[in-house]
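A short write-up of the structure that comes next.
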Amino acid sequence: MVLISKQKVREYGKGLAIIILLLVAWQCAALVIDNNYILPSLTEIADVLLHPLQPVLGGESLIANTMVSLKEVLTGFFCAAALAIPLGLLIGWSSEVQAYLNPATQILRPIPPIAWMPFAIAWFGIGINSILFIIALGAFFPILINTVDGVKGIRVRWIEVAEMFHATTFEKLRTVVLPGALPRIWTGLRVSFAIAWMCVVAAEMLPGTTAGLGFLIMYAYNLGQLDVIGAGMVVIGIIGLGADMLFRAGQDRFFSWEGKD
Amino acid sequence: MGGEGLMAEPVLSISGIEKTFRGESESCPALSGVSFDIAAEEIICIMGPSGCGKSTLLRIIGGLEHEDKGSIHTRAEPLGEGVSAAMIFQDHALFPWLSVEENIIYGLRLSAQKVPDTEVHRRVDDLLSLIHLTSFARSLPHELSGGMKQRVSVARALAIRPSILLMDEPFSALDIFTRRELEDEILRIRQELKTTILMVTHNPEEAVYIADRIIILSERPGVVAGIVTVPLPHPRSPADPDFIRIREEVAGRVKGKNVVRCGIQHE
């Protein structure tokens, strides 16, 4: 596992080359423009990133703001998963339940979570609860849809094997439907985490918030501190990438059997 | 072979099974009054033209379909276990997320079976060595060959100690060599575990190679059109003139123009 093949190195090398090229272009442009209010130089952004524990713009540090966002996103994400997975299993399993719930789901699904913000504020007030609502809403549908699809994709034969051994309905759900749908559920979790991460930043940009990466970016914008905004964006990108890599690693580790027979 | 008293007490009595599949626009009779007995430790093959309801009959016995009319009586097993028939499908139907060992244990972990842990482990160890896959206990199904997968599927069915093993064209997806190997293995398992086996096949040679009796169903709707007893001792040789004669007789009696096609039947 430690050894990386030459081909992989070459592949990563290509990607890295483009990133370096973009950074060089950015830096050159910043030096030519020479105006912090239009394009901060990489050194200034790096300066913010390299002092993550220092208070930023007289407020909390970069790390503290990141932790606030992460905590919010994880809370909302787990709430969404706790609701969407059982509901998805139920919809996928019972065509009766699906007949009732499918139209409503299809109408609600395309509405961007941020569009709910005014309602969220009216219902939950300004602050953390509204943000959690928006995150959970954004994460909910990808998990739900993928869980339903996962259950629909269960082979009838597997259910028949369970029936042949006289499994109860609950045992069929626990020993066949859930494990059989798990790879798709995992995909749903991966997609929804990315959406939740976008939602948290957007929700934190709204008035009334006092911490988080979205708040930091908006606050820095009001003060014209584009280097802080750049640093915040880099952190957002890195955490999003890291989460996606974790999900992919989990997929390779636990669901290597998927699609193979 | 079952030895003395082979036909004395049937393990399974099937009488007057009727089944019609009903769709929205058409209804399709599959079985109309199938009756026969199966004795303990007997291997019976069911043959017949495509679509004569062979698989349907097996699925009814296995409890996956319900008959419209008729009855199936099983002799209660002395062990008193809940399940008395276990089925093996053409596609091994193993759970791809469970290891070989976990697949074999699957039926024993359900509430229908009340098997203590020590007994579960003893059975799985015995079955793994019976199918020669002890060293693959922790492998996932996709890491095995087709023949190995089907052996695991056999072990999974045997784990619950069924009074009868139902096999629906179990080896038809395998190559000829693996197939013969597994047929021999089935004969050996019958010898060792005293298992009773009811198997659907479309291959006359396979039927004559392993069966004590061959039940031939007519075209749809299926009824028992004839029963051929195979009196040859094991191991049987497909080159033996008697073997060839019986095989030809069976092949001749399984005829069907396969004109009726029903869209509403199961796969």
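The values are calculated or read from the model by the stated rules, or taken from the named source; none is laboratory data. The shown structure was predicted, so the numbers you read here are calculated from the model rather than taken from an experiment. Don't worry about glycine lacking a Cβ; one is built from the backbone with ideal geometry, like all the others, and counts go over all protein chains shown. Surface accessibility is based on the protein's heavy atoms, side chains included, excluding ligands, DNA and RNA. Shrake-Rupley method; radii C 1.70, N 1.55, O 1.52, S 1.80 Å.
So, in nm, how far is label residue A:115 from label residue A:9 when the simple model puts each one 7 Å beyond its Cα toward the Cβ?
5.1
Can you list the residues of the range B:107-140 that have at least 50 square angstrom less accessible area with all protein chains present than in their chain by itself, probe 1.4 Å?
B:110
For the range B:181-260, what D do you get in µm² per second when you plug the Kirkwood radius from alpha-carbon pairs into Stokes-Einstein at 20 °C and 1.002 mPa s?
Values: Rh = 13.6 Å.
Translational D for this selection: 157 µm²/s.
Of A:49, A:241, A:22, which has the largest mean-square fluctuation in a 10 Å C-alpha GNM of chain A?
Of A:49, A:241, A:22, the Gaussian network model singles out A:22 as fluctuating most.
If the range B:51-204 were replaced by its equivalent ellipsoid, with semi-axes equal to the square roots of 5 times the Cα gyration tensor eigenvalues, what would those be, largest first, whole Å?
23, 21, 14
Show me you know the interface measure: the accessible area buried between B and A, both chains summed, probe 1.4 Å, in Å² to the nearest 100.
2300
Please list the equivalent ellipsoid semi-axes of the range A:44-138, computed as the square roots of five times the alpha-carbon gyration tensor eigenvalues, in descending order and whole angstrom.
37, 15, 11
Determine which aspartates and glutamates satisfy two conditions relative to residue B:19: a Cα distance under 13 Å, and not lying fewer than 8 residues away in the same chain.
B:65, B:67, B:68
Amide H of residue B:97: which non-local residues (sequence gap of 5 or more, or other chain) have their own amide H closer than 5 Å, using H built in the peptide plane?
Under 5 Å from the amide H of residue B:97 lies no amide H from a residue far enough along the sequence or on another chain.
Do the sum for the protein assembly as shown: with -39,500 (n - 2.57) for every DSSP H run of n ≥ 4, divided by all residues, what is the mean residue ellipticity at 222 nm, to the nearest 500 deg cm²/dmol? Let's see the in-between values first.
Numbers: 18 runs with 274 residues, N = 528.
About -17000 deg cm²/dmol.
First compute the accessible area of the range A:185-256 with a 1.4 Å probe, then give the percent of it belonging to carbon and sulfur atoms.
Its accessible area is 71 percent carbon and sulfur atoms.
Once both axes come from the Cα atoms, what is the angle between helix A:178-204 and the longest principal axis of chain A, in degrees from 0 to 90, rounded to 10?
On a 0 to 90 degree scale, this one is about 30.
Which of A:247, A:119, A:133 moves the most in a Gaussian network model of chain A with Cα springs under 10 Å?
A:119
Mind putting a number on the dipole of the range B:146-267 about its Cα centre? Charges go on the C-beta only, +1 for Lys and Arg and -1 for Asp and Glu, and I need it in Debye to the nearest 20.
Computed about the Cα centre, the dipole is about 300 debye.
Over all directions, average the projected area of the Cα convex hull of the range A:162-261 and note it in nm².
On the way: hull surface 36.6 nm².
The number I arrive at for the range A:162-261 is 9.1 nm².
With a ≥ b ≥ c the root eigenvalues of the C-alpha gyration tensor of the range A:1-84, is it rounded (a/c under 1.5), prolate (a/b larger than b/c) or oblate? Working shown, then result.
Values: a/c = 2.34, a/b = 1.10, b/c = 2.12.
Oblate.
Apply the Karplus curve 6.51 cos²θ - 1.76 cosθ + 1.60, θ = phi - 60°, to the phi angles in the range A:33-44 and return the couplings in whole Hz, x for Gly and Pro.
For the range A:33-44, the Karplus-derived couplings read 5, 6, 9, 4, 7, 10, 9, x, 7, 4, 5, 5 Hz, x marking Gly and Pro.
Long-range amide H contacts for residue B:21: which residues qualify at under 5 Å (H placed 1.01 Å from N, peptide plane, sequence gap of 5 or more or a different chain)?
Here B:28, B:30 satisfy the definition.
Roughly how far apart, in whole Å, are the Cα centres of the range A:209-261 and the range B:121-139?
If you average the Cα positions of each part, the centres end up 46 Å apart.
Roughly how many nanometres apart are two label points built 7 Å out from the Cα toward the Cβ at residue B:25 and residue B:138?
Label-label distance for residue B:25 and residue B:138, simple model: 5.6 nm.
In square nanometres and to one decimal, what's the mean projected area of the convex hull around the Cα atoms of the range A:90-138?
Working: hull surface 15.7 nm².
For the range A:90-138, averaging the hull's shadow over all directions gives 3.9 nm².
With a bin width of 5 angstrom, please list the P(r) values of the range A:53-211 as percents of all Cα-Cα pairs, from the 0 bin to the one holding the largest distance.
Pairs per bin, as whole percents: 2, 9, 16, 17, 15, 12, 9, 7, 5, 4, 2, 1, 0, 0.
Taking loop as defined by DSSP and a crowding limit of 16 other beta carbons within 10 Å, which trypsin sites (Lys or Arg not before Pro) in the range A:165-261 fit?
Here the sparse-neighbourhood loop sites are A:260.
Can you give the extra length, in nm with one decimal, that the chain gains between residue A:36 and residue A:234 once fully stretched, where that is 0.36 nm per residue apart less the Cα-Cα distance?
Values: separation 198, 0.36 × 198 = 71.28 nm, distance 1.73 nm.
Net length gain for the segment: 69.6 nm.
Of the heavy-atom accessible surface of the range A:52-117 (probe 1.4 angstrom), what whole percent is carbon and sulfur?
73
Determine the distance separating the Cα centre of the range A:73-130 from the Cα centre of the range B:184-199; give it in Å without decimals.
Taking the Cα centre of each part, the range A:73-130 and the range B:184-199 sit 54 Å apart.
State which entries of A:14/A:71; A:260/B:54; B:149/B:255; A:152/A:260; A:172/B:149; A:172/A:260 exceed 25 angstrom in Cα-Cα distance in the structure shown.
Cα-Cα > 25 Å for A:14/A:71; A:260/B:54; B:149/B:255; rest within.
Roughly how large, in nm² to one decimal, is the mean projection of the convex hull of the alpha-carbon atoms in the range A:113-201?
The directionally averaged projection comes out at 6.8 nm².
How much length, in nm to one decimal, is gained on full extension between residue B:122 and residue B:244, taken as 0.36 nm per residue of separation minus their Cα-Cα distance? Show your work: numbers first, answer last.
On the way: separation 122, 0.36 × 122 = 43.92 nm, distance 4.21 nm.
Stretched fully, the residue B:122-residue B:244 segment lengthens by 39.7 nm.
Which whole-Hz ³J(HN,Hα) couplings does the range A:224-234 yield from phi under the Karplus relation 6.51 cos²θ - 1.76 cosθ + 1.60, θ = phi - 60°, glycine and proline marked x?
Along the range A:224-234, the couplings run x, 9, 5, 5, 5, 4, x, 4, x, 5, 4 Hz.
By how many degrees, between 0 and 90 and to the nearest 10, does the Cα long axis of helix B:117-130 differ from the longest principal axis of chain B?
70
What share of all Cα pairs of chain B, in percent, falls into each consecutive 5 Å distance bin?
That works out to 1, 6, 13, 17, 19, 17, 14, 9, 5, 1, 0, in percent per bin.
Name the residue, out of A:34, A:244, A:227, whose mean-square fluctuation peaks in a Gaussian network model built on chain A with Cα pairs under 10 Å.
Maximum fluctuation in the GNM of chain A, among the listed residues, is at A:34.
Over chain B, with every protein chain in place, what whole percent of the accessible area is carbon and sulfur at 1.4 Å, could you tell me?
Numbers: 5800 of 11330 Å².
The value for chain B is 51 percent carbon and sulfur by accessible area.
If you bin every alpha carbon distance in the protein assembly as shown into 10 Å steps from zero, what whole percent lands in each bin?
Percent of Cα pairs in each bin: 3, 14, 20, 18, 13, 11, 9, 7, 4, 1, 0.
When a/c reaches 1.5 or more, the comparison of a/b and b/c decides; with that in mind, is the range B:121-180 rounded, prolate or oblate per its Cα gyration tensor?
Note, shape of the range B:121-180 comes out oblate.
Which whole-number value in Å² is the accessible area per residue of the protein assembly as shown, probe 1.4 Å?
49
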